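The values are calculated or read from the model by the stated rules, or taken from the named source; none is laboratory data. Because the structure is a prediction, the values reported are computed rather than measured. Cβ placement follows ideal geometry from the backbone for every residue including glycine, while neighbour counts extend to all protein chains displayed. Side chains included, ligands, DNA and RNA excluded: accessible areas come from the protein's heavy atoms. Shrake-Rupley method; radii C 1.70, N 1.55, O 1.52, S 1.80 Å.
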Amino acid sequence: MSASGGSPAPVDAPALAPAGSPAPVGRRVARPHYAWVIAAVSLVVLLGSAGFRSAPSLMMDALHNEFGWSMGTISSATSVNLTLYGLTAPFAAALMDRFGVRLVVVCALLTISVGSGLTMLMREPWQLVLCWGVLVGLGSGSMAGAFATTITGRWFQARQGLVTGVLTAAGAAGNLVFLPVGAWLVEQHGWRSAVVVVSLAASAVAVPVLLLMRERPADLGLLPYGATEAPPAPAADGRALVRSLRVLRDAARSRAFWLLAGSFAICGATTAGLVGTHFIPAAHDHGMPVTTAASLLALVGVFDVVGTIASGWFTDRFDSRWLLVVYYALRGLSLFLLPRLFEGSLEPPILAFVIFYGLDWVATVPPTVALCRRHFGGDAPIVFGWVLACHQIGAAVVAGLAGLARDALGTYDLAWYAAGGLCVVAVLLCLALRGGRTDRSVPAMS
């Protein structure tokens, strides 16, 4: 079969042909490379995963009103979710190498379905932590950034930055779809209706994964998209846990790892931890209806799609280190200004923040992935999993602290200003990275 998925090659043709090579005379027009099918399935998975993770921010006020739990208590479940989401990622990458992407992703989706469904039966805060914190956290973490990095590393040689940007933007698009719908469900039918939808949707997303996902291009007699020669066969290693820890040990000896991990921890703190978790209740504190605030957060997702895809395009063309410097600087500026922009209605200043912040939301992912590839080569998916773990730990810490600050001070202003200061630190960390040279030779992606 040709690399572009066309009819079987002639007897004297090589078994593996590069993507985009011209078809011989008499052959029918080639179909798109199967890498694009894999990318489409991955997009659906990440769309769903993002929507599932966004539900707790919609339920905070509803859970507070029904059970009397404080914002700090409810935020603790989100903190556990974010922590496990991050810590699962590097092990998930190794498990995908050992057991296959399809099996790991299907199990993750079913775990989310069970965890969300059981939330309907809870009566105590620890049950929220168990269901939404532990189960949904483990499930969503198995489909975190390491999943997108694994897919792009295996199936694409050309357009890696762009495809990484598109898959990363799927998170924003998932919020775009689910946040307004979820807010409407919570308002009209109660928070339990939203968790039922999450549970059913997670099960439904598993279907295209089972039917269409394949492990590697070689399984179909193809090369990665844009490749001219077959990549080396991946090393067989049945010890996923050992490999993940070994990669962490080796990466931790590199200065680049700690700079990337530190800056990405701040990324998580200022996005998923603060804005993703607390924007809706903060806007509600200023008199904005929950549905309006959820729509604004969804609008962040609209511009996040644009910003992240653009960032992937930029990553293919510009120095990733300087892209990160620009992104964190702009993010810090917007967070310093946010406390002055909140209004009870849709005023131009808050709309400007939504657009500006949306363009920057996860634009950091494509250049961070590119820097992991540059410095760590074939171990990049697992290294990025560990970097992502730091992202989620940062998110978890700030999600909890912001809730405690709100309980103690009655306002989120201190949290916004502190987050802006963290972005300044991230700029300094990125400036300390050395661009243009690798820490080691870069082998082919496994």
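Residue count for the range 249-274 under the criterion of being open to solvent by 10 Å² or more (accessible area, probe 1.4 Å) and modelled with pLDDT under 85: the result is 1.
Checking each residue in the range 396-434 for being without any contact (Cβ under 8 Å) to a residue 40 or more places away in the chain and closer than 19 Å to Gly332 by Cα picks out Leu401, Leu414, Ala418, Leu428. Note on the range 75-98: among residues that are closer than 16 Å to Arg246 by Cα and out of contact with any Ser or Thr (no Cβ under 9 Å at 6 or more places or on another chain), the one that is least open to solvent (accessible area, probe 1.4 Å) is Leu87. Residues satisfying the criterion are absent from the range 339-353 (criterion: open to solvent by less than 40 Å² (accessible area, probe 1.4 Å) and within 16 Å of Ala169 (Cα to Cα)).
Considering the range 136-161, and only residues there that are among the hydrophobic types (A, V, I, L, M, F, W, C) and at pLDDT 80 or above, the residue that is most open to solvent (accessible area, probe 1.4 Å) turns out to be Leu138.
Considering every residue within the range 113-125, establish whether at least one is open to solvent by 40 Å² or more (accessible area, probe 1.4 Å) and in contact with a Leu (Cβ under 7 Å, 6 or more places away or on another chain). Scanning the range 113-125, I find at least one residue that is open to solvent by 40 Å² or more (accessible area, probe 1.4 Å) and in contact with a Leu (Cβ under 7 Å, 6 or more places away or on another chain), so the answer is yes. Could you go through the range 188-199 and let me know if any residue there is without any contact (Cβ under 8 Å) to a residue 60 or more places away in the chain, in contact with a Gly (Cβ under 8 Å, 6 or more places away or on another chain) and either outside any helix (DSSP H, G or I) or at negative phi (or both). Yes. Every test in (1) at pLDDT 80 or above; (2) within 28 Å of Ser199 (Cα to Cα) is passed by Ser54 save one, and that test is (1). The set of residues in the range 406-432 being of a type outside the set (Gly, Ala, Ser), within 23 Å of the chain's Cα centre (by Cα) and open to solvent by less than 60 Å² (accessible area, probe 1.4 Å) consists of Trp416, Cys423, Val427, Leu429, Cys430. If you go through the range 275-321 and keep only what is among the hydrophobic types (A, V, I, L, M, F, W, C), closer than 23 Å to Gly410 by Cβ and either open to solvent by less than 20 Å² (accessible area, probe 1.4 Å) or under 16 Å from the mean Cα position of the chain (by Cα) (or both), you end up with Val275, Phe279, Ile280, Ala282, Ala283, Met288, Ala293, Ala294, Leu296, Leu297. Can you confirm whether Asp379 is farther than 28 Å from Ala93 by Cα and open to solvent by 30 Å² or more (accessible area, probe 1.4 Å)? No, not satisfied. Does Ala172 satisfy the condition of being under 30 Å from Ala298 (Cβ atoms), aliphatic (A, V, I, L, M), within 25 Å of the chain's Cα centre (by Cα) and at pLDDT below 75? Yes; evaluated as a whole, the condition is true for this residue. Within the span defined as the range 223-243, every residue fails to be in a helix (DSSP H, G or I) and farther than 23 Å from Gly86 by Cβ.
Within 18 Å of Glu187 (Cβ to Cβ) and part of a helix (DSSP H, G or I): is that true of Ala256 in this structure? The answer is no for Ala256.
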